[in-house]
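**Student:** Below is a structure I'd like to ask you about.
The values are calculated or read from the model by the stated rules, or taken from the named source; none is laboratory data. What you see is a predicted model; the values in this text were computed from it and never measured. In this analysis, Cβ positions are derived from the backbone assuming ideal geometry, glycine residues included, and neighbour counts consider all displayed protein chains. Only protein heavy atoms, including side chains, enter the accessible area calculation; ligands, DNA and RNA are left aside. Shrake-Rupley method; radii C 1.70, N 1.55, O 1.52, S 1.80 Å.
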Amino acid sequence: GAGVSQSPSNKVTEKGKDVELRCDPISGHTALYWYRQRLGQGLEFLIYFQGNSAPDKSGLPSDRFSAERTGESVSTLTIQRTQQEDSAVYLCASSLDVLNTEAFFGQGTRLTVV
Amino acid sequence: AQTVTQSQPEMSVQEAETVTLSCTYDTSESDYYLFWYKQPPSRQMILVIRQEAYKQQNATENRFSVNFQKAAKSFSLKISDSQLGDAAMYFCAYRSPSVGSGTYKYIFGTGTRLKVLA
């Protein structure tokens, strides 16, 4: 695709429900990153993929968070049993590969847990 | 662990004037990459400028330039001839070198909100 696409753009969910956030990277980009941005704050690293493997998942805040990537394209970030503190914008970025430092970001998914 | 600090939560500049946004970082690595990203209300992060630590020359992109002081671990962004469209959140970011660090994540500061006054 022309850019990094994230869906949904906005998601409101009830506390305790599971949510899936999707990221479509730029075609041909093998590196993919997930970040979380709480209101008025900076970006917190969650996980990155090189191909379908995740060499660094150190930023996942708890075992309620997981991510996968298939076919070196689409990635899904899943949050189980959502809590109010999970409310944030979740940003995805991709780059040609991990050696290429120019990362392109999507517009994010704004998650609101009520 | 590497850290990035932006000590100015908010800055204002008059249209057509020049403004400098500050960023400091902490690392024990000798080679790395530094970035400034712009985040307008649309939420999409846009790369403004990039600096490789091994390069002594400061990076420049049109009206945007950096003052990279490696010894001081300082990386400030200068915006010349400010325009209304420059109003946004600006984030400074650090990334480890490609080889040997074991991780390729970007580490971001907390951001500076830039207001441009007409």
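**Student:** Volume per residue, Å³, of the convex hull around the alpha-carbon atoms of chain A?
**Tutor:** Spelled out: Cα convex hull of chain A, divided by residues, is 92 Å³.
**Student:** Could you provide, to the nearest whole Å², the per residue accessible area of region B:8-117 with probe 1.4 Å?
**Tutor:** Value for region B:8-117: 46 Å² per residue.
**Student:** Using the Cα atoms of chain B to build a convex hull, what is its mean projected area in square nanometres?
**Tutor:** 7.1 nm²
**Student:** Top mean-square fluctuation among B:Ser28, B:Ser12, B:Ser96, Gaussian network model of chain B, C-alpha springs under 10 Å?
**Tutor:** The residue with the greatest mean-square fluctuation here is B:Ser28.
**Student:** Right, something else. Partner chain Cβ atoms within 10 Å, averaged over the residues of A:87-100 - can you pull that number for me?
**Tutor:** Taking all residues of A:87-100 together, the mean is 2.
**Student:** Can you tell which of B:Leu84, B:Leu21, B:Leu34 shows the greatest fluctuation in a Gaussian network model of chain B with Cα springs below 10 Å?
**Tutor:** B:Leu84
**Student:** Suppose we keep just the alpha-carbon trace of the protein assembly as shown; what are its Rg and Dmax in angstrom?
**Tutor:** Calculated on Cα positions, Rg and Dmax stand at 17.7, 52 Å.
**Student:** Now a separate question. Which loop trypsin sites (Lys or Arg not before Pro) in region B:21-57, with loop taken from DSSP, have no more than 15 other Cβ atoms within 10 angstrom of their Cβ?
**Tutor:** Filter output for region B:21-57: B:Lys55.
**Student:** Let me ask something else about it. What is the sum of charges around B:Thr3, taking Lys and Arg as +1, Asp and Glu as -1, for the other residues whose C-beta is under 15 Å from the C-beta of B:Thr3?
**Tutor:** 0
**Student:** For a label point 7 Å from the Cα of A:Val114 along Cα→C-beta, name the residues of region A:1-41 whose backbone N is under 17 Å from it.
**Tutor:** A:9-19
**Student:** For region B:1-57, treating each Cα as an identical point scatterer without solvent, what Debye log10 I(q)/I(0) comes out at q = 0.14, 0.25 1/Å?
**Tutor:** -0.54, -1.27
**Student:** Other chains near A:39-45: what is the mean number of their Cβ atoms within 10 Å of each residue's Cβ?
**Tutor:** Counting other chains' Cβ atoms within 10 Å and averaging over A:39-45 gives 5.
**Student:** I would also like to ask the following. Take the solvent-accessible surface of the protein heavy atoms, probe 1.4 Å, and return the percent of it on chain B that carbon and sulfur atoms account for.
**Tutor:** 46 percent
**Student:** To continue, here is another question. Between B:Arg113 and B:Ala71, what length in nm is gained on full extension when 0.36 nm per residue of separation is reduced by their alpha carbon distance?
**Tutor:** This chain segment gains 12.5 nm when fully extended.
**Student:** For chain B, set up a GNM with springs between Cα atoms under 10 Å and report which of B:Tyr94, B:Tyr54, B:Tyr37 has the largest fluctuation.
**Tutor:** B:Tyr54
**Student:** Count the net charge of all other residues whose Cβ sits under 14 Å from the Cβ of A:Glu85, scoring Lys and Arg as +1 and Asp and Glu as -1.
**Tutor:** Result for the neighbourhood of A:Glu85: +3.
**Student:** Something else about it: Using the Cα centre of region A:6-47 as the reference point, and only Cβ charges (+1 on K/R, -1 on D/E), how large is the resulting charge dipole? Debye, rounded to the nearest 20.
**Tutor:** 140 debye
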